[in-house]
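Colleague: Please see the structure below; I have some questions.
Quick note: the coordinates plus some simple rules give every number you see, no bench work behind them. Fair warning: this is a prediction, and the values are worked out from it, not measured in the lab. A quick note on method: Cβ atoms are made from the backbone with ideal geometry, for glycine too, and the neighbour counts reach across all protein chains shown.
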Amino acid sequence: MINMNENHISKNIEKIRQNINLACKESGRKADDIIILGVTKTIDAEDIKKAVDEGIYHLGENRVQEFLEKEDKIDNVKWHIIGHLQTNKVKYIIGKTFLIHSVESIKLAKEIDRLSSQKGITTDVLIEVNVSGEESKYGIRCEDIDSFLDEIDKFNAVKVKGFMTMAPKDAADNEIRQIFRKLYKIYVDISQKKYNNISMEYLSMGMSSDYELAILEGANIVRVGSAMFKQ
Ligand SMILES: *Cc1c(COP(=O)(O)O)cnc(C)c1O
């Protein structure tokens, strides 16, 4: 089939899909099970729509202000908040997200719970985990996951659906894979435990530089920005 909308974004997406297919083949997984989340920070609505035209229906923003500006202009997509979220900004986004990837404090979870129940809705979230333990990173430590989940399980309007992590920027492939593998193992362990408001459905790992590695290690959401929108 000839694609009449040939542009750099559609070419980038085709390449990303090919790479994902290869990683799925190598790890015995199905490409249909992987959500490609287009990360649209700094990208304008016109270019974002080109990605949507290529079947990218999940979009991620890391800043609330930018999210609110774009959320109005683009229809029929599911929005994810992936960046650090301040508690005082929750009120602007509640009810507008498919998934918030960056819950890493009980204070934040509590505010999401409070505003969700006020609206009579539930909000799906991921817990951000700082697997590598870098000081500069947001996220809870692996050793704190159990107690964190016990605490957050008490909030009925917040539903935990899995974990998100970021690998260190310039680490070697095998180091990155170990980080992803560690979180996947915890994800599987937790999925076998009984909670009220917690289920393990999404594992959000991998960005432009390491999404193939993340898929090899069990990610089912990859957050791809620059590789999708670069010229
Ligand atoms: C920007 C960002 C991404 C995407 O980064 P790229 O390297 O451009 O793919 C993924 N996750 C988070 C949390 C981000 O802030």
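Colleague: For the stretch 122-231, what is the per residue volume of the convex hull drawn over the alpha-carbon atoms, in cubic angstrom? Mind showing how you got there, number by number?
Modeller: Details: hull volume 11.9 nm³, N = 110.
It is 108 Å³ per residue.
Colleague: May I pose another question? In the chain, which longest range has no GluC sites (Glu not before Pro) that are both DSSP loop (not H, G, I, E or B) and surrounded by at most 10 other Cβ atoms within 10 Å?
Modeller: Numbers: sites that count: E6, E135.
So the longest stretch without any such site is 7-134.
Colleague: Let me ask another. With an 8 Å cut-off on Cα pairs and a minimum separation of 6 or more residues, tell me the relative contact order of the stretch 59-123 in percent.
Modeller: 30 percent
Colleague: If R0 is 25 Å, what FRET efficiency do you get for S226 and K182 from their C-beta distance, rounded to 0.05? If you can, show how the numbers build up before the last one.
Modeller: Details: r = 25 Å, r/R0 = 1.02.
Efficiency at R0 = 25 Å is approximately 0.45.
Colleague: Sticking with this one: Out of the trypsin sites (Lys or Arg not before Pro) in the stretch 1-54, which ones are loop residues according to DSSP with at most 12 other C-beta atoms within 10 Å?
Modeller: When the trypsin sites (Lys or Arg not before Pro) of the stretch 1-54 are filtered for loop state and at most 12 Cβ neighbours within 10 Å, K30 remain.
Colleague: I need two numbers for the chain: Rg to one decimal and Dmax as a whole number, Cα atoms only, in Å.
Modeller: When restricted to Cα atoms, the chain yields Rg and Dmax of 17.3, 53 Å.
Colleague: Here is a further query. HN-Hα J couplings of the stretch 221-231 from phi, Karplus 6.51/-1.76/1.60, θ = phi - 60°, integer Hz, Gly and Pro as x?
Modeller: 10, 10, 9, 10, x, 4, 5, 8, 10, 5, 6
Colleague: Quick one: if you stick a label point 7 Å off each Cα along the C-beta vector at S10 and N174, how many nm between them?
Modeller: 4.3 nm
Colleague: Could you pull out every whole DSSP H run in the chain that spans at least 30 Å of Cα extent along its own axis and averages 1.6 or higher on the Kyte-Doolittle scale? Don't jump to the answer; show the numbers that get you there.
Modeller: On the way: long enough: none.
Passing helices, by number: none.
Colleague: Enumerate the aspartates and glutamates that K49 could reach by cross-link, defined here as Cα to Cα under 15 Å, with residues fewer than 8 away along the same chain left out.
Modeller: Excluding near neighbours in sequence, the set is E6, E61, E69, E71, D72, D75.
Colleague: Still on this structure: Over the Cα atoms of the stretch 189-231, what Rg and Dmax result, in angstrom?
Modeller: In Å, with Rg to one decimal and Dmax whole: 13.8, 47.
Colleague: Now for a separate question. For the chain, what is the calculated [θ] at 222 nm in deg cm²/dmol (nearest 500), taking -39500 (n - 2.57) for each run of four or more DSSP H residues and dividing by its residue count? Walk me through the numbers before you get to the answer.
Modeller: Details: 9 runs with 92 residues, N = 231.
Calculated from helices alone, the mean residue ellipticity at 222 nm is -12000 deg cm²/dmol.
Colleague: Continuing with this model, one more query. With an 8 Å cut-off on Cα pairs and a minimum separation of 6 or more residues, tell me the relative contact order of the chain in percent. If you can, show how the numbers build up before the last one.
Modeller: Numbers: 423 pairs, mean separation 48.6, N = 231.
Rounded, it is 21 percent for the chain.
Colleague: Using only alpha carbon positions, build the gyration tensor of the stretch 1-121, then give the equivalent ellipsoid semi-axes as the square roots of 5 times its eigenvalues, largest first, whole angstrom. Present the calculation step by step, with values, prior to reporting the outcome.
Modeller: On the way: eigenvalues 184, 66, 26 Å².
Working through the eigenvalues yields semi-axes of 30, 18, 11 Å.
Colleague: Enter the Cα centre distance for the pair the stretch 98-157 and the stretch 15-29, rounded to the nearest angstrom.
Modeller: When both Cα centres are located, 30 Å separates them.
Colleague: Please compute, for the alpha-carbon atoms of the stretch 86-130, the extent along each of the three principal axes and give them in descending order in Å.
Modeller: Cα extents, longest axis first: 31, 19, 14 Å.
Colleague: Take V90, V129 and order them by how many other Cβ atoms sit within 10 Å, fewest up front. Before the final figure, lay out each step's value.
Modeller: Numbers: V90 22, V129 26.
In order of increasing Cβ crowding within 10 Å: V90, V129.
Colleague: Only Cα pairs under 8 Å and at least 6 apart count here; give the relative contact order of the stretch 84-213 as a rounded whole percent. The partial results should precede the final answer.
Modeller: Numbers: 213 pairs, mean separation 30.4, N = 130.
Relative CO of the stretch 84-213 lands at 23 percent.
Colleague: Okay, moving on. If I model a spin label at D33 and S136 as a point 7 Å from the Cα along the Cα→Cβ vector, what separation in nanometres do I get?
Modeller: 3.4 nm
Colleague: Could you list, in their original order, any pairs among K50/K89; K11/K96; K15/K70; K11/K41; K78/K182; K169/K230 whose Cα atoms are separated by more than 21 Å?
Modeller: On the way: K50/K89 29 Å; K11/K96 30 Å; K15/K70 25 Å; K11/K41 19 Å; K78/K182 28 Å; K169/K230 19 Å.
Listed pairs above 21 Å: K50/K89; K11/K96; K15/K70; K78/K182.
Colleague: While we're on this one: Quick check on the exposure proxy: order M166, M200, M205 from fewest to most C-beta atoms within 10 angstrom.
Modeller: Working: M166 23, M200 18, M205 31.
Ranked by crowding around the Cβ, least crowded first: M200, M166, M205.
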